[in-house]
Each structure stands twice: as C-alpha cells, then as structure tokens.
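Following: one structure in structure tokens, then a few remarks.
The values are calculated or read from the model by the stated rules, or taken from the named source; none is laboratory data. These numbers were taken from a predicted model, which means no experiment stands behind them. Cβ atoms come from the backbone with ideal geometry, glycine included; neighbour counts cover every protein chain shown. For accessibility, only protein heavy atoms count, side chains too; no ligands or nucleic acids. Shrake-Rupley method; radii C 1.70, N 1.55, O 1.52, S 1.80 Å.
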Amino acid sequence: YGQDAAGCSGVSTTASFDPVQLRTEQVFWDAYNAPHYFQDVYFEGDYKLESCFLATELGVVDSQLEIVSDTHNAFSPSGQPGFLVASSLTPLLPANACSPYSTCPTNPQGNMMYCPGVCMRTVSIKTDAATIGNVVMIVSNSLNFQQNIIVTGELREGNTDRFPGVFTVAVPDGQFTVAFFENGVNMWPRYVRPVFEVPPSCSNYVGPSDLTFVEPAASRSACAIGTSLIYNGQFGGSLVGWVQLNAGMVYTPNEGIGGSGALKTVRTNPIGQSVGQFLDASCIAAGNVYSISISYRNVNNNGFTIPACNGLGCPSAFLTFETFDLDSGEVSSIFYHGNVATTASYINTNGVFSVMTGTWTVTSQEADADSVKISISGGTGQLIIDNAVMIRIQ
C-alpha cells in the first residue's frame with residue numbers, strides 16, 4: 001500500500017531507496033530475501049516484532065529489517081536507525097553492536113537483535129544445485145577470521161535438475177572472505193555467481209569489491225591429468241550432478257551398458273532440449289586438453305533403437321560459457337563451443353550403444369569464463385546416456 005491507501009498522505013519520508021526489482025536475479029528464490037524498510041513505527045502496549053514462526057515453522061533464521069527512522073523508540077530506547085536482525089547474523093558485527101530485542105522460546109535462532117548504526121545488505125551466491133547437499137559456505141571477516149558464520153544452501157522447490165542452488169547471507173559494511181567446504185575440505189561448487197540485492201537506504205553498505213572468494217588451486221588432484229571433469233558419468237544409482245532443459249530426465253536402473261543404470265530423457269522432440277551438467281570451472285585452465293566420450297542410444301517410445309539419425313542430426317555435445325556482471329548479478333556474456341563431441345558412426349542395432357567423441361583444447365577466453373556447462377542434444381527420439389567422461393589428457 002502507498003501513503004494514500006494507508007491514510008498517511010502528506011507524511012514526509014526521509015528514506016531514499018530503490019524498490020526491489022521483480023523478474024531479476026534478486027527475487028528468483030522461494031526465500032524472497034527482499035529488503036524491508038520500517039520508518040517511525042508505533043506499537044501500542046508492549047508489542048514487538050518477532051521471527052519465532054519463521055525460524056520454527058519455515059526454517060528461516062536470517063531475517064533482517066532496516067529501521068530507517070525510529071522516532072517513537074519502537075526498536076531502540078535511543079530512537080537510532082539501524083537493523084533488526086536474527087541472532088544468527090550477529091557474529092559478523094562488531095562486539096556489543098546489538099542488543100536483545102525479542103526472544104523465541106521454542107527456537108533460539110528466532111531471537112531478534114536490534115543493531116543501531118549498522119548497515120546490512122543481502123547477497124545471494126548462486127551455484128550448481130547438485131553441489132548443495134554436503135556443502136557449506138563460510139563467510140569470514142577478512143581482518144578477523146574468528147568472526148564468521150556458516151551458511152547452508154537452498155534449492156528452489158527442491159529442484160536440482162533445472163534451477164541453481166543458492167547460499168544467502170546478510171552482511172554489514174566491511175571486507176569478507178567467502179569459502180566453500182565439503183566434509184571439511186575446501187572445494188568449488190562448479191561456479192559462483194554473486195547476486196547483490198538492491199542497496200539499503202543507509203550508505204555504508206557492502207559491494208562486489210568487498211567479497212573475496214577462496215577458489216581452490218587448479219593444480220589439485222581433482223583437476224589432474226587422468227581425471228574426468230564429468231561427475232557421475234556412470235550414473236551410480238542416481239542422476240546427481242545432471243541437469244536438463246525442456247527434455248525431462250529419469251534414472252533408469254537397467255537400460256545402461258551391460259544392464260547398468262543410465263540417464264534417460266523423457267521427451268522425444270529434440271528442438272530446444274538438452275541434458276548435461278556444469279563443470280568445475282576452477283579446474284579449467286588455458287591449454288588444458290580433454291578427451292570426451294559419451295555412450296548413448298537413440299530410442300523410440302517402445303525402447304527400440306531408431307534406425308538412423310541423419311548424420312548431423314545425430315546426438316552431439318556442446319559447451320556453454322558464461323561470465324557474470326557482479327554489479328547486477330546478470331549474465332554479461334555468453335558464448336558456445338559447438339560439436340565438442342560428435343558421432344562418427346551411428347549404430348542402429350537394438351541394445352547396442354553408439355559413442356560420441358571429441359577433443360577439447362581450452363582457449364584463454366574459455367578459461368576466463370565464470371561457468372562452463374556441457375550439454376547433450378539432438379537425435380529424433382529419447383536418449384539413453386551412459387559412460388560419459390571428459391578426461392584431461394594434457
């Protein structure tokens with residue numbers, strides 16, 4: 001509601017801020033971490049805002065509200081502007097910066113603190129959803145690593161095969177170091193895409209240059225010669241690591257090579273459809289050479305191999321590269337490497353797999369990309385995919 005609808009037209013406002021922008025990266029999450037502003041709120045009696053329901057019923061433990069002005073002392077005895085925050089966010093704030101405001105008897109994570117004079121801003125870190133499971137993000141004060149908070153990831157509608165995952169944190173002004181760990185080991189969630197929400201009305205807020213990401217070295221064993229960049233290419237009981245675009249996909253336990261598990265697409269129209277996965281961008285360096293091999297069958301709805309796929313219409317693989325604009329969180333550039341793996345000889349015998357192969361030598365432009373994705377598309381029916389590897393040979 002605006003001032004007229006709320007019956008407070010003519011009341012002056014001292015706040016100056018931009019509204020959250022819909023249909024952008026800022027609000028593309030179930031969490032809806034949009035900034036909220038309170039100004040000169042008056043409560044009758046001893047009523048206080050609390051986040052007990054959010055913490056206990058919804059698991060939201062990082063609430064934060066900007067108090068632009070507090071002339072009625074609803075949040076602070078001194079009436080100072082500041083932020084009302086969940087207690088989980090206070091470790092990154094200076095000692096004694098906050099005082100207790102409201103409590104949650106059923107869940108201490110629902111306790112709220114009032115922090116006068118601080119300026120918070122929410123940052124959402126988008127990553128590959130397949131890495132969310134056992135991964136935590138640790139955000140530390142770059143000048144005092146003992147000041148840190150641990151953040152777990154979220155999935156949009158529990159979906160890992162199309163939408164990215166996200167780690168969300170609200171931080172004050174300062175310099176911060178961000179690292180990802182899986183079972184205690186520093187790792188990289190295939191790509192990292194920071195999305196800064198619209199700035200608060202206070203001026204001393206964090207910006208893109210204030211975050212330093214700890215990216216593990218490309219020389220580590222996970223990236224060495226002889227290792228494959230493709231994760232779960234033998235489909236050991238699941239489709240973990242794989243994503244789809246308009247193709248739909250299911251795990252089939254016995255239609256792979258030798259009756260093993262495999263990935264099977266659901267839809268038969270190949271136009272605009274693909275399956276694939278994001279590759280660990282921290283491993284990819286200019287001059288690296290990878291040998292690609294992906295086994296597949298191109299079948300009809302009854303599971304029989306389609307007799308022919310018409311040469312260039314046979315399934316193939318391509319790479320998509322993206323770079324991100326840190327100020328907006330949007331994709332700033334996108335380019336492709338087509339036919340990185342193709343079919344030299346299509347096999348139309350039922351039950352026998354064809355193989356697409358190729359060699360990829362990484363260019364400097366490709367190495368500089370923020371995210372790299374391999375996609376498999378084409379054919380005239382459903383695809384059954386197994387034994388997908390991208391082995392570094394140089």
Where a residue in the range 314-334 is farther than 24 Å from Thr357 by Cα and charged (D, E, K, R) and its partner, wherever it lies, is in a strand (DSSP E or B) and open to solvent by 60 Å² or more (accessible area, probe 1.4 Å), with Cβ under 7 Å and at least six apart: Asp325/Ser332
So Asp386, is it surrounded by fewer than 22 Cβ atoms within 10 Å (Cβ to Cβ), in contact (Cβ under 8 Å) with a residue 12 or more places away in the chain and not in a helix (DSSP H, G or I): no
Complete set of residues in the range 354-386 that are touching a helix residue (DSSP H, G or I) at 6+ places or on another chain (Cβ under 8 Å) and modelled with pLDDT under 95: Gly378, Gly379, Thr380
Neighbours by Cβ (under 6 Å, 6+ apart or cross-chain): first from the range 40-69, closer than 17 Å to Pro200 by Cβ; second among the β-branched types (Val, Ile, Thr): Asp40/Thr71; Gln64/Val85; Ser69/Thr14
Residues of the range 160-176 satisfying the condition of being open to solvent by less than 20 Å² (accessible area, probe 1.4 Å) and either among the hydroxyl-bearing types (Ser, Thr, Tyr) or assigned to a strand (DSSP E or B) (or both): Gly165, Val166, Phe167, Thr168, Val169, Ala170, Val171, Phe176
Filter pass, Ala74 being part of a loop (DSSP other than H, G, I, E, B), at pLDDT 90 or above and either acidic (Asp, Glu) or surrounded by fewer than 22 Cβ atoms within 10 Å (Cβ to Cβ) (or both): no
Breaking point among (1) surrounded by fewer than 16 Cβ atoms within 10 Å (Cβ to Cβ); (2) more than 18 Å from Ile257 (Cα to Cα); (3) of a type in the set (Phe, Trp, Tyr), for Phe304: (2)
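Hey, any hits in the range 343-354 for a residue that's under 28 Å from the mean Cα position of the chain (by Cα) and open to solvent by less than 20 Å² (accessible area, probe 1.4 Å)?
Step one: filter the range 343-354 for residues under 28 Å from the mean Cα position of the chain (by Cα), giving none.
Checked against the condition, which is being under 28 Å from the mean Cα position of the chain (by Cα) and open to solvent by less than 20 Å² (accessible area, probe 1.4 Å), the range 343-354 yields no hits at all.
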Per-region count, the range 229-250, residues surrounded by fewer than 16 Cβ atoms within 10 Å (Cβ to Cβ) and either of a type in the set (Ser, Thr, Tyr) or out of contact with any strand residue (DSSP E or B) (no Cβ under 9 Å at 6 or more places or on another chain) (or both): 2
The listed residue being open to solvent by less than 60 Å² (accessible area, probe 1.4 Å) and more than 20 Å from Arg392 (Cα to Cα), out of Gly358, Gly378: Gly378
Whichever residue in the range 208-228 is in contact with a strand residue (DSSP E or B) (Cβ under 6 Å, 6 or more places away or on another chain) and among the hydrophobic types (A, V, I, L, M, F, W, C) and, among such residues, is most open to solvent (accessible area, probe 1.4 Å): Ile225
Checklist (1) in contact with an Asp or Glu (Cβ under 9 Å, 6 or more places away or on another chain); (2) surrounded by 17 or more Cβ atoms within 10 Å (Cβ to Cβ); (3) at pLDDT below 90 applied to Gly79, failing item: (2)
Scan of the range 211-237 for residues that are of a type outside the set (A, V, I, L, M, F, W, C), at negative phi and either free of Cβ contacts under 8 Å to residues at least 12 places away in the same chain or assigned to a loop (DSSP other than H, G, I, E, B) (or both), ordered by number: Glu215, Pro216, Ser219, Arg220, Ser221, Thr227, Tyr231, Gly233, Gln234, Gly236
